[in-house]
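**Q** Below are the structure tokens for one structure; questions will follow.
Read-outs: derived from the displayed coordinates by stated rules, not from any lab. Computed from a predicted model, the values in this text were never measured in an experiment. Virtual Cβ from ideal backbone geometry, glycine too; neighbours counted across all protein chains shown.
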Amino acid sequence: MSIATDYISRNADIFTDLARWMWENPEISYDETKTAAKTARILEELGFRVETGAYGLPTCVVGRWGSGHPVIGFLGELDALPGMSQKLQLTKEAAVEGAPGQACGHNLLNTACLAAAAAAKAEMEERNLPGTIVFYGCPAEEQVTGKGFMARNGAFYDLDAAYSWHGNRFNEVPVGTYVGVDSAVFHFKGRTAHAGGDPHNGRSALDAAELMNVGANYLREHVTSDVRIHYSYKETGTAPNIVPDRAGVWYYVRAMTRDAVEDTYNRLVKVAQGAALMTETELDVEFLGGCYNTMPNEVLSRQCCDLMEAIGAPVWTKEEIEFAEALNKTCPQYEECADKGYLDDGPLHTKLNGLSKTDSFGSTDVGDVEHIVPCTMICTATYNIAASGHSWQVTACAGSSIGFKGMLFGARVMAAAAVELIDRPELLEAAKKEFDEKMKGRRYICPIPDGLAAPQPAAAK
């Protein structure tokens, strides 16, 4: 064991307690007030210089330690998913009906990155190593805009490298692409009228929203195969006999490159404008923000793969295996996972897959950071293999020893990786060279415009 990995083992209770507390107190995007305060207190207790409300975001927390280069960042995340509350049991049942839950395991993610930052700091202190450690408690990853707002306001540019981690069903380091995204709500304003008595005097905002959706569905035929367009109604009217004067529809546009996202989004806006013209309604586009596709640094990714092998995956107990097996049988993907051989070695992943080159149509604002500085995201097993992402089964595992073990494994890998960058400056130089080659002279342009204000916590409104 290194000094850093031993530190995590000796202080495991601090980190599992934080992860458990976050599981019991989940908060949705931009409302992470208690989580931010708790994270800040622990960072201060661990000897970091702490800034709350960082980069103009009330729930953003940053902890710094050290001085000089290299400056190494760890990307924590504070938010939970709405409506995903779940008890720690084998059947679906909300702990609090309608409440948020850790169905993406951000209680583990935030804690793994915090633990890695603290452990790297501990080894640097003991060995008197140069450099700076920065922990970012980032809000609103689930809205894929938190890190974008942070970057727009100056975050991440002082880093030499950054690490992130995410819970998964597998132990691996993804080097495929997660898609970029733009998010916007299209609000239509019309004119009410009696739908039976004088419909000719009405201008239906709902008609406009529906025509927009028809147009968007025709647009799907004329975009590249990597594009995904999906929507949900926000407002649809009040009663059948009243021509609706208000309607809104929320869209996500996703694609493998930022250019493709922006091109498709601009075409979607034209579809909305056409729908408004056809219905003689007014259109207001509420752009919510967006994020870049991921661009993982393979030098750092291979480094983390090697360290995963050196440190070794967790060993699951009989009780953990039985819990995961029972959860697997509740999952819609159970048969599919069995057919693919994922369950051949048991209900929880025990192997190390190395680099995974599979692309994903999910999105994460880690992609923004990966276009600013060399950065990678590693994954370790924290839930049963057959679970779908954002499911109640993931929530259950995120509050159990299964999640905590995977979290601590990921923290050890990231901490060891950060120290190795200091010990082997040629590794950092190789990561920077790869980053420059991939960027090809381009620079990161924040997808969130300057005039767009970040959402405020509900208590502050």
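**Q** Find the Cα radius of gyration of region 180-291, compare it with 2.2 N^0.38 Å by division, and give the number to two decimals.
**A** Numbers: Rg = 14.8 Å, N = 112, 2.2 N^0.38 = 13.2 Å.
Region 180-291 yields a ratio of 1.12.
**Q** Another one. When the Cα atoms of the chain are enclosed in a convex hull and the volume is divided per residue, what value in Å³ results? Write out the running numbers ahead of the final one.
**A** Working: hull volume 70.2 nm³, N = 461.
It is 152 Å³ per residue.
**Q** So how far apart, in nm, are the two label points at D344 and R127 if each is 7 Å from Cα heading toward Cβ?
**A** Spacing of the two 7 Å Cα→Cβ label points: 3.9 nm.
**Q** Can you compute 3J(HN,Hα) from phi for each residue in region 388-397, using the Karplus curve 6.51 cos²θ - 1.76 cosθ + 1.60 with θ = phi - 60°, rounded to whole Hz and x for Gly and Pro?
**A** After applying 6.51 cos²θ - 1.76 cosθ + 1.60, I find 7, x, 6, 10, 5, 5, 5, 4, 4, 5 Hz.
**Q** Let me ask something additional. Would you work out the charge dipole size for the chain about its Cα centre, treating the Cβ of every Lys and Arg as +1 and the Cβ of every Asp and Glu as -1, and quote it to the nearest 20 debye?
**A** Values: 41 positive and 61 negative charges, 78 e Å.
Here the size comes out at about 380 debye.
**Q** Right, another one. What is the local net charge at G248, summed over the other residues whose Cβ is closer than 11 Å to its Cβ (Lys, Arg +1; Asp, Glu -1)?
**A** On the way: positive: K189, K234, R246; negative: E235, D284, E286.
That sum, taken over residues with Cβ under 11 Å, equals 0.
**Q** Now for a different question. Starting from the amide H of A103, placed 1.01 Å from N in the peptide plane, find each other amide H under 5 Å away whose residue is 5 or more places distant or on another chain.
**A** Under 5 Å from the amide H of A103 lie the amide H atoms of L81, each far enough along the sequence or on another chain.
**Q** Report the local net charge at P425: Lys and Arg +1, Asp and Glu -1, summed over other residues whose C-beta lies under 11 Å from its C-beta.
**A** Numbers: positive: R424, K432; negative: D160, E420, D423, E426, E429.
Here the count lands on -3.
**Q** What's the center-to-center distance, using Cα atoms, between region 49-82 and region 7-33 in Å?
**A** 15
**Q** If you add up the charges near C379, with Lys and Arg at +1 and Asp and Glu at -1, over every other residue whose beta carbon is less than 11 angstrom from its beta carbon, what do you get?
**A** Numbers: positive: R169; negative: E172.
Summing Lys/Arg as +1 and Asp/Glu as -1 gives 0.
**Q** Report relative contact order for the chain in percent, whole number only (criteria: Cα-Cα under 8 Å, sequence separation at least 6).
**A** Numbers: 1074 pairs, mean separation 106.7, N = 461.
RCO, the chain: 23 percent.
**Q** Then there is this: Dipole of the chain (Lys/Arg Cβ +1, Asp/Glu Cβ -1, origin at the Cα centre): which of A386, F186, A95 lies farthest to the positive side?
**A** F186
**Q** Might you report the magnitude of the Cβ-based charge dipole of region 180-291 about its Cα centre, with Lys and Arg at +1 and Asp and Glu at -1, to the nearest 20 debye? Don't jump to the answer; show the numbers that get you there.
**A** Working: 11 positive and 15 negative charges, 25 e Å.
Once rounded to the nearest 20, the dipole reads 120 debye.
**Q** A further question on this structure: Please return the longest range in the chain lying between exposed loop sites, taking GluC sites (Glu not before Pro), DSSP loop only, at most 15 other beta-carbon atoms within 10 Å, and leaving the sites out.
**A** Here the longest run is 98-279.
**Q** Another question about this same structure. Report the relative contact order of region 180-291, percent, no decimals, based on alpha-carbon pairs under 8 angstrom and at least 6 residues apart. Show your work: numbers first, answer last.
**A** Working: 243 pairs, mean separation 50.3, N = 112.
Across region 180-291, relative contact order equals 45 percent.
**Q** Just want the answer: with Cβ charges of +1 for Lys and Arg and -1 for Asp and Glu, which residue in S29, Y163, A205 is farthest toward the dipole's positive end in the chain?
**A** Of S29, Y163, A205, it is A205.
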